[in-house]
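Student: One structure coming up, written as structure tokens, with questions to follow.
The values are calculated or read from the model by the stated rules, or taken from the named source; none is laboratory data. These numbers come from a predicted model, not from an experiment. Note that each Cβ is placed from the backbone with ideal geometry, even for glycine, and that neighbours are counted across all protein chains shown.
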Amino acid sequence: MESLQHWNNIYATKQAHEVSWTQALPKTSLEFIHAATLPKEAAIIDIGGGDSKLVDFLLEEGFKNISVLDISEEALTRAKKRLGVKANYVNWIVSDITSFHPTTFYQFWHDRATFHFLTTTVQIEKYMATARQAVKPGGFVTIGTFSDRGPTQCSGLNIRQYTEATLTKELDNGFEKIKCLTEDHETPFHTLQNFLFCSFKRTVS
């Protein structure tokens, strides 16, 4: 409940240029999705998508089965307003990822900056159990987190930093690493945050 109130308050009181994670163009995320060579009907879910513009670009490219999940209804409402009538072509899910119960299989699971907010073993185990349930064999997962050269807090909350080795270890059970990279994200305040992105393929259980 505290987490829900925190994020609803953030999105109710701050505009996009006032939060560090805003991207005009989610270039790296799109590159990982393009690398998967998905059909336009592929089920894609953006975990913690908030009011990210990733969904805008996916719709523009013709993807037809997009879900955006976020704990904050305020965040999703902002995204819907921005998209206008296009919002009707998106499945919006208000849920904490650690209590999300998927009812469909996804071919691509995208998460930029939700995973590093999970700071306990229990939270991480719940997340991974959900991902294993939700991502179909042969499907893909891309996770972006703060690297070990990135911040230790975000939005007033503690986070967990990752290296390629530690992030890969969390996905050992059910996922095979494809590629990892690090990059500096320039915030709207013109500061730099170092991110680690890794992509994985769901193995056959």
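Student: Can you find a residue that is under 25 Å from Thr166 (Cβ atoms), at pLDDT below 95 and either among the acidic types (Asp, Glu) or within 17 Å of the chain's Cα centre (by Cα) (or both) anywhere in the stretch 71-87?
Tutor: Yes, there is a match, as at least one residue in the stretch 71-87 is under 25 Å from Thr166 (Cβ atoms), at pLDDT below 95 and either among the acidic types (Asp, Glu) or within 17 Å of the chain's Cα centre (by Cα) (or both).
Student: Kindly evaluate Val141 against the criterion of being closer than 29 Å to Glu18 by Cα, of a type in the set (Val, Ile, Thr), buried (at least 18 other Cβ atoms within 10 Å of the Cβ) and modelled with pLDDT of 95 or more.
Tutor: Yes, satisfied.
Matching residues to (1) touching a helix residue (DSSP H, G or I) at 6+ places or on another chain (Cβ under 9 Å); (2) crowded, with 19+ Cβ neighbours inside 10 Å; (3) not charged (D, E, K, R):
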| site | (1), (2), (3) |
| --- | --- |
| Gly50 | yes, yes, yes |
| Asp56 | yes, no, no |
| Phe63 | yes, yes, yes |
| Val68 | yes, yes, yes |
| Leu83 | yes, no, yes |
| Lys86 | yes, no, no |
| Asn91 | no, no, yes |
| His101 | yes, no, yes |
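Student: Within the stretch 173-200, track down each residue that is modelled with pLDDT of 95 or more and assigned to a loop (DSSP other than H, G, I, E, B).
Tutor: Gly174
Student: Right, Ala43: within 17 Å of the chain's Cα centre (by Cα) and either more than 22 Å from Pro188 (Cβ to Cβ) or touching a residue at least 12 places away in the same chain (Cβ under 8 Å) (or both) or not?
Tutor: yes
Student: I've got another one for you. Considering the stretch 63-88 alone, what residues qualify as being small (Gly, Ala, Ser), assigned to a helix (DSSP H, G or I) and out of contact with any Ser or Thr (no Cβ under 8 Å at 6 or more places or on another chain)?
Tutor: The answer is Ala75, Gly84, Ala87.
Matching residues to (1) farther than 28 Å from Ala12 by Cβ; (2) in contact with a Phe, Trp or Tyr (Cβ under 7 Å, 6 or more places away or on another chain):
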| site | (1), (2) |
| --- | --- |
| Thr37 | yes, no |
| Gly48 | no, no |
| Gly62 | yes, no |
| Ser95 | no, no |
| Tyr106 | yes, no |
| Leu118 | no, yes |
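Student: On to the next question. Can you name every residue in the stretch 98-134 that is within 18 Å of Ser155 (Cα to Cα) and not in a loop (DSSP other than H, G, I, E, B)?
Tutor: Result: Asp111, Arg112, Phe115, His116, Phe117.
Student: Would you call Ile71 more than 18 Å from Gly139 (Cα to Cα) and either in contact with a Cys (Cβ under 8 Å, 6 or more places away or on another chain) or touching a residue at least 60 places away in the same chain (Cβ under 8 Å) (or both)?
Tutor: yes
Student: Give the stretch 148-205 a look and list any residue that's on the phi > 0 side of the Ramachandran plot and buried (at least 17 other Cβ atoms within 10 Å of the Cβ), or say none.
Tutor: Selection gives Gly174 alone.
Student: Okay, next question. Being of a type in the set (Val, Ile, Thr) and closer than 25 Å to Thr182 by Cβ is true for just one of Thr114, Thr130. Which residue is that?
Tutor: Result of the check over Thr114, Thr130: Thr114.
Student: Would you confirm whether or not the stretch 152-166 contains a residue that is touching a residue at least 24 places away in the same chain (Cβ under 8 Å), out of contact with any helix residue (DSSP H, G or I) (no Cβ under 6 Å at 6 or more places or on another chain), of a type in the set (Asp, Glu) and more than 20 Å from Ile45 (Cα to Cα)?
Tutor: Yes, there is a match, as at least one residue in the stretch 152-166 is touching a residue at least 24 places away in the same chain (Cβ under 8 Å), out of contact with any helix residue (DSSP H, G or I) (no Cβ under 6 Å at 6 or more places or on another chain), of a type in the set (Asp, Glu) and more than 20 Å from Ile45 (Cα to Cα).
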